[in-house]
Amino acid sequence: MHFADHVIVVAGGAGGLGQAVSTAFLKEGANVIIPYHTDTGFERLRTALGKSAALAGSKVDVTDQAAVDQFISSVVATHRRLDVMVNTIGGYAGGIKFWELDADTLDRMLALNLRSGYVLAHSVVPYMLKQAKGAIVNVAARAALDHAAGAAAYAASKAAVLAMMDSLAADLQGSGVRVNSVLPSIIDTEANRKAMPKADFSKWPKPEDIARVILFLCSDDARVIHGAAIPVYGNS
């Protein structure tokens with residue numbers, strides 16, 4: 001079990017992709033702590049897992065630096081270590097011509113897709129530096145590189161967080177703390193199926209498949225991978 005007794009923070013760990021990531025880490029023997037947005041999703045996950053003692057969570061606004069600092073401080077105070085932080089939080093806004101894009105939508109995309117990554121990493125990096133070890137994986141998107149029509153705010157926010165994580169990786173070179181990103185396209189989640197009911201779901205990557213990539217990046221087997229952006233949208 002690669003992550004036995006490890007302490008893992010999975011932001012958005014009760015969401016579509018996050019549930020798969022949280023479950024995969026728990027199966028590997030890790031302690032998983034989730035900062036979540038709504039009680040419903042977390043309670044549903046905890047019930048599905050049989051209220052595992054290795055799963056904990058707190059309701060936290062991950063765009064609020066003070067709230068996240070307090071959350072991460074509590075995690076470290078309780079467990080005396082912090083091995084991994086995975087950020088699966090994100091939002092999507094599309095089908096909007098640039099000249100029809102309002103500032104509120106832009107601000108929402110920047111908050112969910114960029115600021116969340118900044119706030120979380122800003123909180124966990126000092127603890128990982130003290131340990132001289134740790135792994136961070138941020139979920140960006142294919143849109144960070146492939147800028148489709150009607151998705152200016154979404155693409156800009158994902159491109160920005162990818163650049164930010166790349167720069168953070170450079171800052172951490174040689175420290176023992178690794179930072180990588182994964183780039184999904186459309187993930188086969190319940191929410192995406194509802195949003196696109198006529199799509200061919202069989203071509204979408206499954207959350208469990210992407211979770212396996214994330215776990216690999218967080219493991220010692222991936223100790224030579226740092227500052228990478230891994231595409232996880234398959235070849236269909």
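The values are calculated or read from the model by the stated rules, or taken from the named source; none is laboratory data. Just so we're clear, the structure is a prediction, and the values are computed from it rather than from any experiment. For neighbour counting, all protein chains shown are included, and Cβ atoms are generated from backbone atoms with ideal geometry for every residue, glycine included.
Considering Ser116, Ser175, Ser181, Ser123, which residue is over 28 Å from Asn235 (Cα atoms) and under 14 Å from the mean Cα position of the chain (by Cα)?
Selected residue: Ser116, the only one of Ser116, Ser175, Ser181, Ser123 that is over 28 Å from Asn235 (Cα atoms) and under 14 Å from the mean Cα position of the chain (by Cα).
Checking Gly94 against (1) in contact with a Phe, Trp or Tyr (Cβ under 7 Å, 6 or more places away or on another chain); (2) among the small types (Gly, Ala, Ser); (3) closer than 19 Å to Asn113 by Cβ; (4) crowded, with 23+ Cβ neighbours inside 10 Å: exactly one of these is not met. Which one?
Here Gly94 meets the rest and fails (4).
Given the options Val177, Val213, name the one that is in contact with a strand residue (DSSP E or B) (Cβ under 9 Å, 6 or more places away or on another chain), touching a residue at least 12 places away in the same chain (Cβ under 8 Å) and surrounded by 20 or more Cβ atoms within 10 Å (Cβ to Cβ).
Val177
If you scan the stretch 180-192, which residues turn out to be in contact with a strand residue (DSSP E or B) (Cβ under 7 Å, 6 or more places away or on another chain) and either polar (S, T, N, Q) or surrounded by 21 or more Cβ atoms within 10 Å (Cβ to Cβ) (or both)?
Scanning the stretch 180-192 gives Asn180, Ser181, Val182, Pro184.
Across the stretch 1-19, what is the number of residues that are surrounded by fewer than 19 Cβ atoms within 10 Å (Cβ to Cβ) and either under 24 Å from Gly91 (Cβ atoms) or of a type in the set (S, T, N, Q) (or both)?
Result for the stretch 1-19: 1.
Would you mind telling me which numbered condition in (1) touching a strand residue (DSSP E or B) at 6+ places or on another chain (Cβ under 7 Å); (2) at positive phi; (3) among the aliphatic types (A, V, I, L, M) Ala132 fails?
Looking at each condition in turn, Ala132 falls short on (1).
Could you say which residue among Gly91, Gly117 is in contact with a helix residue (DSSP H, G or I) (Cβ under 9 Å, 6 or more places away or on another chain), at pLDDT below 95, under 30 Å from Met196 (Cα atoms) and not acidic (Asp, Glu)?
Among Gly91, Gly117, only Gly91 is in contact with a helix residue (DSSP H, G or I) (Cβ under 9 Å, 6 or more places away or on another chain), at pLDDT below 95, under 30 Å from Met196 (Cα atoms) and not acidic (Asp, Glu).
With Ala199, Ala222, Ala152, Ala195 as the choices, which residue is over 17 Å from the mean Cα position of the chain (by Cα), surrounded by 13 or more Cβ atoms within 10 Å (Cβ to Cβ) and at pLDDT below 95?
Working: Ala222 fails: at pLDDT below 95; Ala152 fails: at pLDDT below 95; Ala195 fails: surrounded by 13 or more Cβ atoms within 10 Å (Cβ to Cβ).
On inspection, the qualifying residue turns out to be Ala199.
Kindly indicate whether any position in the stretch 73-89 is farther than 30 Å from Arg223 by Cβ, touching a residue at least 12 places away in the same chain (Cβ under 8 Å) and surrounded by 15 or more Cβ atoms within 10 Å (Cβ to Cβ).
Here is the first cut: in the stretch 73-89, the residues farther than 30 Å from Arg223 by Cβ are none.
No, that holds for no residue.
Contact list please: Cβ distance under 7 Å, first residue in the stretch 20-37 and crowded, with 24+ Cβ neighbours inside 10 Å and at pLDDT 95 or above, second residue of a type in the set (Phe, Trp, Tyr) and outside any helix (DSSP H, G or I), pairs at least six apart or on different chains.
Pairs found: Phe25/Phe3; Ala30/Phe3.
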